[in-house]
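Computed from the coordinates by the stated procedures, all read-outs in this text should not be read as laboratory data. Here the structure is a predicted model, which means the values were calculated and not measured. All Cβ positions, even for glycine, are placed from backbone atoms using ideal geometry, and neighbour counts span all protein chains on display.
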Amino acid sequence: MSTSERIQKLIDSNDIVLFMKGVPAAPQCGFSAAVAQILAKLDVPYESVNVLADPFIREGIKEFSNWPTIPQLYVKGEFVGGCDIVREMFQAGELATLLADKGIKAPAS
Ligand SMILES: N[C@@H](CCC(=O)N[C@@H](CS)C(=O)NCC(=O)O)C(=O)O
Ligand code: FES
C-alpha cells in the first residue's frame, strides 16, 4: 500500500484522526499536545498517529493535506487544520459544533 493509501485508509476508518508527534499520553511537541488536550476536553474518542514513528507518514501527510506542519486533525475524512486553527475553532465553540454536525458524540457517561 502506498503512503497516501495508508493515510486514506486511516481517515476512512476513524471518525477523528489526529496526526501528531508522540502519543496523547506523552506528546513530543507542544503543538501536538495542545490539540490532544482540546480533544480530551471535548471528550471524544479519536485515533492518533505518531508521525515520529513513521517518516513516510510524517512527510506523506503534508503532501496529502497540502499542509506543511504537524499536528493535523481530520474529522470524517476532512482536513480541519493544525494547532492554530483547531485552537481558534475550539475557543469559538466551532469545533464542538462541527463534531455535533457530523454526528460525533462524547460517550455517554
Ligand atoms: N502553527 C502550526 C504549528 C505546528 C508546527 O509549526 N509544526 C512544525 C514543528 S512541530 C512541523 O510540523 N514541522 C515539520 C515537521 O516537523 O515535520 C499549527 O498551527 O499547527
Ligand atoms: S517538535 Fe519542535 S516545535 Fe514541534
If only one of Pro45, Pro24 is more than 15 Å from ligand 1 (Cβ to nearest atom) and in contact with a Ser or Thr (Cβ under 9 Å, 6 or more places away or on another chain), which one is it? Pro24
Cross-chain or 6+ apart pairs with Cβ under 8 Å, the stretch 91-109 first and under 16 Å from Gly77 (Cα atoms), then part of a helix (DSSP H, G or I): Leu95/Ile38; Leu95/Leu42; Leu95/Val86; Leu95/Met89; Leu98/Met89; Leu99/Leu42
For Val75, are the conditions met, namely being surrounded by 19 or more Cβ atoms within 10 Å (Cβ to Cβ) and closer than 17 Å to Leu98 by Cβ? yes
Out of everything in the stretch 65-93 that is farther than 14 Å from Lys41 by Cα and among the charged types (D, E, K, R), what residue ends up being farthest from ligand 1 (Cβ to nearest atom)? Lys76
Got a number for residues in the stretch 57-86 being aliphatic (A, V, I, L, M), free of Cβ contacts under 8 Å to residues at least 40 places away in the same chain and assigned to a helix (DSSP H, G or I)? 1
Across (1) aliphatic (A, V, I, L, M); (2) out of contact with any Lys or Arg (no Cβ under 8 Å at 6 or more places or on another chain); (3) under 20 Å from Arg6 (Cα atoms), Val51 clears everything bar (2)
If you scan the stretch 40-55, which residues turn out to be away from ligand 2 (no atom under 15 Å from the Cβ), in contact (Cβ under 8 Å) with a residue 24 or more places away in the chain and surrounded by 13 or more Cβ atoms within 10 Å (Cβ to Cβ)? Leu42, Val44, Tyr46, Glu47, Ser48, Val49
Only one of (1) assigned to a strand (DSSP E or B); (2) surrounded by fewer than 12 Cβ atoms within 10 Å (Cβ to Cβ) fails for Thr97. Which number is that? (1)
If I filter the stretch 15-27 for residues that are surrounded by fewer than 17 Cβ atoms within 10 Å (Cβ to Cβ) and of a type in the set (D, E, K, R), do I get at least one hit? no
With the condition kept exactly as written, say whether any residue in the stretch 16-28 is within 16 Å of ligand 2 (Cβ to nearest atom), assigned to a helix (DSSP H, G or I) and out of contact with any Cys (no Cβ under 9 Å at 6 or more places or on another chain). no
Taking the condition under 21 Å from Asp12 (Cβ atoms), loosely packed, with under 13 Cβ neighbours inside 10 Å and of a type outside the set (Val, Ile, Thr), does Gly30 pass? no
